[in-house]
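Every number in this text was worked out from the coordinates using simple rules, so none of it is lab data. Predicted, not measured: the structure shown is a model, and the values here were computed from it. Counting neighbours? That spans all protein chains shown, and the Cβs are built from the backbone with ideal geometry, glycine included.
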Amino acid sequence: MIEARNISKHFGKLKVLDNISVKFEEGKTNLIIGQSGSGKTVFLKCLIGLFDPEEGEVIYDDIIFNKLNFSAKKEIRKKIGMMFQGGALFDSATVEENILYPLNMFTKMSYEEKLDRVNFCLNRVNIINANHLYPSEISGGMKKRVALARAMAVKPEYLFCDEPNSGLDPKTAIVIDNLIKEITEEFHITTIVNTHDMNSVMEIGAMVIFIYEGKKYWEGTNNEILHTDNKELNEFVFANNLAKQVKKFH
Amino acid sequence: MNVFFHIGRYFMLLFKVFAKPEKKKVYYKQFMIEIQNIGINSIGIVVIISTFIGAVITLQTAYNTENPFLPKYLIGLGCRDSLILEFSSTMIALILAGKVGSSIASELGTMRVTEQIDALEIMGVNSASFLILPKILAAVIFNPLLTMISISVGVFGGWLAVLATGVVSSEDFIYGIQYAFIPFYITYAMIKTVFFAFIITSVSSYHGYFVSGGSLEVGKSSTRAVVYSSIVILLFNVILTQLLLS
Ligand SMILES: Nc1ncnc2c1ncn2[C@@H]1O[C@H](COP(=O)(O)OP(=O)(O)OP(=O)(O)O)[C@@H](O)[C@H]1O
Ligand SMILES: [Mg+2]
């Protein structure tokens, strides 16, 4: 379980996160939704310690993570898989080397075992015959999928995905969403996914929090989200015409 | 922003860079890559520039010392000492600040804005040390060789100019480049080179590592890397010269 307690984060005068508290349970896909610029990425980075929140605590299974030093954090990071919004693949390494990287850092597997794991993960995200290509030689959607493969390579206990399916076609998006849900439930992972895709919310949103201008406005399941009377959340959920039509019929 | 902020952050970065490396094997591989990028790939430019500068120094010394009372060997001696004392250490360092510094800053800057540095941190890597230490070591170890190459090739360029123009006889020139040779000058050049190599790689890394924003900022950081490395080199040139030669 991961818990955030009263997290606030500023950049200069700009208050990006304002007193956010939330608990993310294991074995569930926890979604963070909110419009562009609402602070989702910053929040995720506070959770994994890439940003230091000025106030509040990040707690991983009873350990106060954001107060630890680098080497103590590293022990927890061994159990973290993170998929960045832009992929963050290493440009100078091939697809295969990218996924080998966390395995080299965190495991004592033999080279053959690592290679097996790489191919297994690439298979799960539907990438074949791209092992020796460089990130500049694959498409944007493929980069995202390789990034997810890299994040799941070390069999993480905590999985973070920053907009895993933005930029993917609807079919692949569903494959990725379901893959995240599957491994979460299968391996009992605490998974946190940033998204602004309502499809994902309906498909896999076991728990959803809604962030608006850096504040947590709402928390619930994907079924409750359609019946909420929170004004800002309604505007977000029913932003497009199709959704508005659907609501009318309800 | 104020100077002290940058100086403080620069030394804090160095502190992180020189933390004890964990996975030595990965560092070794990275080090060899940097030897190639920073060292071997600079040989070409050093050879070309040094040859021409050696030739020009020789011709200028020759045309400025046409007084018949001055001994002819002064031309070779002047060429040799200008190269050792100033050109092959300081000027080459400034040129490398342009070539190596800008590429270091843009490489690290791009890694920063595309979150590759964040990804390294998440994988438990001390990104500062992993990315910057091999660069510093490669330059500090390889640049003295570049300086030696520059001195040798420069003198050779001077000799070619002598052959081509006949401003002085080949014998006089060769006598001159051996005349009153002070071995400490080589030590002085090497000390400067090592300092400058450290400055180029660390200052440029600093500018790249702390980029925030997008490709525009990466571009700016690479310009700043060159400007600040050059300024710091010039400053240390004065300081080291006063300390070593006075
Ligand atoms: N390193 C930074 N320095 C200063 N401001 C930042 C930084 N990172 C983010 N911000 C600001 O924080 C706010 C929230 O950004 P964030 O990236 O978290 O948005 P987001 O919800 O992830 O949006 P998107 O859906 O577009 O990815 C923005 O106003 C942004 O300008
Ligand atoms: Mg984001």
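For the reader, a short list of remarks on this structure follows.
- Search result, residues across region A:9-57 that are surrounded by 22 or more Cβ atoms within 10 Å (Cβ to Cβ), more than 15 Å from ligand 2 (Cβ to nearest atom) and more than 18 Å from the chain's Cα centre (by Cα): A:53
- Note on region A:150-169: residues that are among the hydroxyl-bearing types (Ser, Thr, Tyr) and either away from ligand 1 (no atom under 13 Å from the Cβ) or within 11 Å of another protein chain (Cβ to nearest Cβ) (or both) total 1.
- Of the candidates A:154, A:246, A:193, the single residue that is within 30 Å of residue A:132 (Cα to Cα) and more than 14 Å from the chain's Cα centre (by Cα) is A:154.
- From A:213, A:235, A:163, residue being more than 30 Å from residue A:95 (Cα to Cα) and within 16 Å of ligand 2 (Cβ to nearest atom): A:213
- All positions within region B:107-151 that are buried (at least 21 other Cβ atoms within 10 Å of the Cβ), of a type in the set (Val, Ile, Thr) and either within 13 Å of chain A (Cβ to nearest Cβ) or farther than 30 Å from residue B:187 by Cα (or both): B:114, B:117, B:122, B:125
- Some residue of region A:43-58 being among the hydrophobic types (A, V, I, L, M, F, W, C) and part of a loop (DSSP other than H, G, I, E, B): yes
- Test for residue B:53: is it away from every other protein chain (no Cβ under 14 Å), under 30 Å from residue A:74 (Cβ atoms) and not hydroxyl-bearing (Ser, Thr, Tyr): no
- Matching residues, region A:1-21, being more than 15 Å from ligand 1 (Cβ to nearest atom) and hydrophobic (A, V, I, L, M, F, W, C): A:1, A:2
- Residue count for region B:200-246, restricted to those that are closer than 20 Å to residue B:143 by Cα and touching a Ser or Thr at 6+ places or on another chain (Cβ under 6 Å): 7
- Only residues that are more than 14 Å from every other protein chain (Cβ to nearest Cβ) and more than 13 Å from ligand 1 (Cβ to nearest atom) were counted across region A:32-56, and they come to 3.
- Scanning region A:26-41 for residues that are polar (S, T, N, Q) and touching a His at 6+ places or on another chain (Cβ under 8 Å) yields A:35, A:36.
- Hits in region A:167-208 (condition: within 15 Å of ligand 2 (Cβ to nearest atom) and in contact (Cβ under 8 Å) with a residue 60 or more places away in the chain): A:192, A:193, A:194, A:195, A:196, A:200
- In region A:77-99, the residues that are more than 9 Å from chain B (Cβ to nearest Cβ) and among the β-branched types (Val, Ile, Thr) form no Cβ pair under 9 Å with any partner that is within 16 Å of ligand 2 (Cβ to nearest atom) and part of a loop (DSSP other than H, G, I, E, B), whether six or more places apart or across chains.
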